[in-house]
């Protein structure tokens, strides 16, 4: 059975085939999953989704959509509770900052001097884990490959 013969619905992590599988055939998982409609994410806001059991944040800035892990790579702060200003996302714990367009670190923590040097040795800077986003018609899809 070809990959094209499947219609995959991924809400709540259920996979529903278009046709019935016979014994021995495997389920095929779509690379992208639908998480929202384009009107569900207002400009300059964030929404949290579970994609394949992983918490992912989706944001809309200047008409573009970006998706990334919910948790800060520094100490695991909940980025959904952070602040989004233009394309800069700030963690609520140690104020690490990331550029949501590509995930790179703008500021690792709000520590300075010797404390920053020590923290950077213990927790070296890591980029934000991003996920590809695609818009098809009015649907927003996120790649859930990890």
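Hey, if you drop one equal point scatterer on each alpha-carbon of the stretch 38-130 and run the Debye formula without solvent, what base-10 log of I(q)/I(0) do you get at q = 0.21, 0.22, 0.24 Å⁻¹?
The computed values of log10 I(q)/I(0) come out as -0.97, -1.05, -1.21.
Order these peptides, 99-111, 118-130, by their mean beta-carbon neighbour count within 10 angstrom, highest first. Before the final figure, lay out the partial values.
Numbers: 99-111: 16.1, 118-130: 13.6.
So the peptides 99-111, 118-130, ranked by packing, come out 99-111, 118-130.
Read the figures in this text as sums done on the coordinates, not as results from a lab. These numbers come from a predicted model, not from an experiment. Glycine gets a Cβ as well: all are built from the backbone with ideal geometry, and neighbour counts include every protein chain shown.
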